[in-house]
1. Which one of T67, T21 is closer than 16 Å to V150 by Cβ and either without any contact (Cβ under 8 Å) to a residue 60 or more places away in the chain or in contact with a strand residue (DSSP E or B) (Cβ under 8 Å, 6 or more places away or on another chain) (or both)?
2. List pairs: first residue in region 266-284 and within 16 Å of V57 (Cα to Cα) and open to solvent by less than 10 Å² (accessible area, probe 1.4 Å), second residue modelled with pLDDT under 95 and polar (S, T, N, Q) anywhere in the structure, Cβ distance under 8 angstrom, at least six positions apart or on different chains.
3. Out of all the residues in region 24-50, which are open to solvent by 40 Å² or more (accessible area, probe 1.4 Å), within 11 Å of ligand 1 (Cβ to nearest atom) and not hydroxyl-bearing (S, T, Y)?
4. Go through (1) outside any helix (DSSP H, G or I); (2) open to solvent by less than 10 Å² (accessible area, probe 1.4 Å); (3) within 16 Å of ligand 2 (Cβ to nearest atom); (4) among the hydroxyl-bearing types (S, T, Y) for T21 and report which single condition fails.
5. Say whether the condition of being part of a loop (DSSP other than H, G, I, E, B), within 16 Å of ligand 1 (Cβ to nearest atom), crowded, with 20+ Cβ neighbours inside 10 Å and of a type outside the set (A, V, I, L, M, F, W, C) is met by at least one residue in region 76-83.
6. Output the strands (runs of 3 or more DSSP E) that fall wholly within region 227-284 and possess 2 or more residues being over 13 Å from L209 (Cα atoms) and of a type in the set (D, E, K, R), or say none.
7. So which residues in region 87-105 are open to solvent by less than 40 Å² (accessible area, probe 1.4 Å) and in a helix (DSSP H, G or I), if there are any at all?
8. I'd like to know if region 133-147 contains one or more residues that are in a strand (DSSP E or B) and away from ligand 2 (no atom under 16 Å from the Cβ).
Amino acid sequence: MNAIEVPPTWKQLQINQMAGTIVVIGQTDSGKSTFVRWLISQLCQYHERVGWLDADVGQSTLGVPTTMNLAVISEPPAQLPRPDATFFVGATSPRGHMLPTVVGVHKLQRRARQLGAGAIVVDTTGLVAREQGGGVLKHWKIALLEPTTVVAIQRHGELVHILTPLVRNPSLKVHILPIARGVNRKTVEQRMKRRREQFRRYFSQAAPLTIEYNRLPVYDLEQAGQRHLLALEDRHGFTIALGIITAMTTREMIVFTPARDAAQVARLRVGSLRLNPETGREMR
Ligand SMILES: Nc1ncnc2c1ncn2[C@@H]1O[C@H](COP(=O)(O)OP(=O)(O)OP(=O)(O)O)[C@@H](O)[C@H]1O
Ligand SMILES: [Mg+2]
């Protein structure tokens with residue numbers, strides 16, 4: 001992990017009293033993921049297990065874009081941990097995909113509790129603008145997750161519409177932090193490049209796998225086509241692996257995937273993104 005600047009406002013947080021679910025919100029490039037990583041390391045002093053719930057489907061830390069990931073850890077991670085559970089949302093933004101976003105984050109929270117996490121820190125997407133549904137998304141996510149604590153990293157008042165009802169809720173602690181000085185902003189191109197690299201790396205170990213899909217529940221089959229990204233899911237709805245459809249008949253599809261065995265696949269879920277399997281480039 002690179003050296004990070006720990007502002008005095010972070011040190012003033014009473015982390016020894018934090019437990020349950022802690023949701024971190026902020027615009028893109030507000031330093032959410034860096035803060036989350038630091039907070040998780042600190043929480044490891046007070047809890048035997050800590051859940052790192054990366055719910056950012058665009059700029060994912062623990063997994064690939066389009067997915068949300070959970071890692072339950074027991075000591076400060078020197079390297080990025082492997083996820084214990086993955087949920088496929090199917091797109092790189094929650095816009096137009098609000099339901100899988102809130103369902104997935106809740107399923108991962110439940111899994112974190114089952115795995116014994118005493119504190120669960122949720123990193124979120126930078127979608128906060130009211131006119132884009134950011135307020136609705138954060139409010140309903142909070143209603144579902146019932147966090148004890150919300151940490152809001154704010155630049156210039158962009159979170160006020162989200163925070164106004166939250167700060168009046170006596171059963172919620174809300175900490176509003178300024179942006180750390182060390183934060184770097186990324187351009188749209190840098191974000192796309194990062195996603196492309198993550199996909200390319202993920203599919204670098206992939207090979208064609210034939211799946212007889214006519215025996216399986218397939219969700220959003222009507223949008224399935226060449227080069228569509230899809231998830232191979234287990235019976236709990238968590239992702240075994242992602243794949244890219246390379247050929248399809250009415251009975252079977254050939255999927256380019258790192259998974260080697262279709263036997264464990266209980267269902268398929270087709271995403272809205274199309275990808276070039278060699279380059280990881282998103283196709284329109
Ligand atoms: N406290 C800090 N000290 C040093 N560098 C930081 C700090 N916070 C953030 N950065 C740097 O700023 C950049 C953006 O930070 P980060 O990825 O944490 O923000 P984010 O809000 O999660 O962004 P995104 O919208 O992409 O999810 C990163 O390169 C990170 O290393
Ligand atoms: Mg982030």
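1. Testing whether each residue is closer than 16 Å to V150 by Cβ and either without any contact (Cβ under 8 Å) to a residue 60 or more places away in the chain or in contact with a strand residue (DSSP E or B) (Cβ under 8 Å, 6 or more places away or on another chain) (or both) leaves just T21.
2. V270/Q223
3. Answer for region 24-50, where residues must be open to solvent by 40 Å² or more (accessible area, probe 1.4 Å), within 11 Å of ligand 1 (Cβ to nearest atom) and not hydroxyl-bearing (S, T, Y): Q27, R37.
4. The number of the failed condition is (3).
5. Scanning region 76-83, I find no residue that is part of a loop (DSSP other than H, G, I, E, B), within 16 Å of ligand 1 (Cβ to nearest atom), crowded, with 20+ Cβ neighbours inside 10 Å and of a type outside the set (A, V, I, L, M, F, W, C), so the answer is no.
6. In region 227-284, 267-275 are the strands (runs of 3 or more DSSP E) which contain 2 or more residues that are over 13 Å from L209 (Cα atoms) and of a type in the set (D, E, K, R).
7. If the condition is that a residue be open to solvent by less than 40 Å² (accessible area, probe 1.4 Å) and in a helix (DSSP H, G or I), then T101, V102, G104, V105 are the ones that fit.
8. First pass over region 133-147, keeping only residues in a strand (DSSP E or B): none.
There is no residue in region 133-147 that is in a strand (DSSP E or B) and away from ligand 2 (no atom under 16 Å from the Cβ).
The values are calculated or read from the model by the stated rules, or taken from the named source; none is laboratory data. Please read these numbers as outputs of a predicted model, since none were measured by experiment. In this analysis, Cβ positions are derived from the backbone assuming ideal geometry, glycine residues included, and neighbour counts consider all displayed protein chains. Remember, those area values only see protein heavy atoms, side chains included, never the ligands or the DNA or RNA. Shrake-Rupley method; radii C 1.70, N 1.55, O 1.52, S 1.80 Å.
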